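Encoded as structure tokens, the structure appears first; notes follow it.
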Amino acid sequence: MNSYLRTANNPASHVIETLNDLKAQDVRTLDVSQQSSFTDFMVISTGSSTRHVSAIVDAIVLSAKHRGARVLGVEGQKAAEWVLIDLGDVVVHVMQRTAREFYDLERLWGMGANQQQAV
């Protein structure tokens, strides 16, 4: 794993920390800066239930607001099967296992050398 995932210089580091604190599963960070004009990083994680997904999303939004970061949007929170949080430089996907397997975002975005499993 590249050290940038754990540094304060990485805008996804606070998100990853929150995901780990709330026991999100299979957390992955994708550097999409060369593929996307709307964000630099995507963080994908799995929650074990709708309640778990909702709790993770609430914590990420609260953490971002406490740090003074703008939350540009939150989509899918009512159903809590796949919730997208737009933080500008970082887009966070919190999904239940079935949705994550079905949409397979890592494959869609070409998970390769610049993509890391966050720990």
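The values are calculated or read from the model by the stated rules, or taken from the named source; none is laboratory data. These numbers were taken from a predicted model, which means no experiment stands behind them. In this analysis, Cβ positions are derived from the backbone assuming ideal geometry, glycine residues included, and neighbour counts consider all displayed protein chains.
Going through region 57-71 one residue at a time, which ones are surrounded by 12 or more Cβ atoms within 10 Å (Cβ to Cβ) and in a loop (DSSP other than H, G, I, E, B)? Don't jump to the end; show me each part of the working.
From region 57-71, those surrounded by 12 or more Cβ atoms within 10 Å (Cβ to Cβ) are 57-64, 69, 71; that's our starting set.
The answer is Ala69, Val71.
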Requested in this report: Give the residue that is modelled with the highest pLDDT, with candidates limited to residues of region 57-75 that are over 23 Å from Arg100 (Cα atoms) and of a type outside the set (Ser, Thr, Tyr).
Outcome: Leu62
Query raised in the report: Can you tell me which residue in region 30-67 is farthest from Asp86 (Cα to Cα), limited to those that are within 14 Å of the chain's Cα centre (by Cα) and hydroxyl-bearing (Ser, Thr, Tyr)?
Result: Thr46
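Looking only at region 72-106, which residues are among the small types (Gly, Ala, Ser), assigned to a loop (DSSP other than H, G, I, E, B) and surrounded by fewer than 16 Cβ atoms within 10 Å (Cβ to Cβ)? Please lay out each step first, then the result.
The initial filter retains those residues of region 72-106 that are among the small types (Gly, Ala, Ser), namely 73, 76, 79-80, 88, 99.
Now drop any that are not assigned to a loop (DSSP other than H, G, I, E, B), which leaves 76, 79-80, 88.
Scanning region 72-106 gives Ala79, Gly88.
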Query - Filtered residues of region 36-56 (kept if surrounded by 17 or more Cβ atoms within 10 Å (Cβ to Cβ), at pLDDT below 95 and not in a strand (DSSP E or B)) - result: Thr39, Asp40
Report summary line: Flagged pairs (Cβ under 6 angstrom, 6 or more apart or on separate chains; first in region 99-119, modelled with pLDDT under 55; second acidic (Asp, Glu)) are Asn114/Asp31
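Here's the yes/no breakdown for (1) free of Cβ contacts under 8 Å to residues at least 12 places away in the same chain; (2) touching a strand residue (DSSP E or B) at 6+ places or on another chain (Cβ under 9 Å); (3) of a type outside the set (D, E, K, R):
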| residue | (1), (2), (3) |
| --- | --- |
| Gly47 | no, yes, yes |
| Val57 | no, yes, yes |
| His66 | yes, no, yes |
| Ile85 | no, yes, yes |
| Gly88 | no, no, yes |
| Gln96 | no, yes, yes |
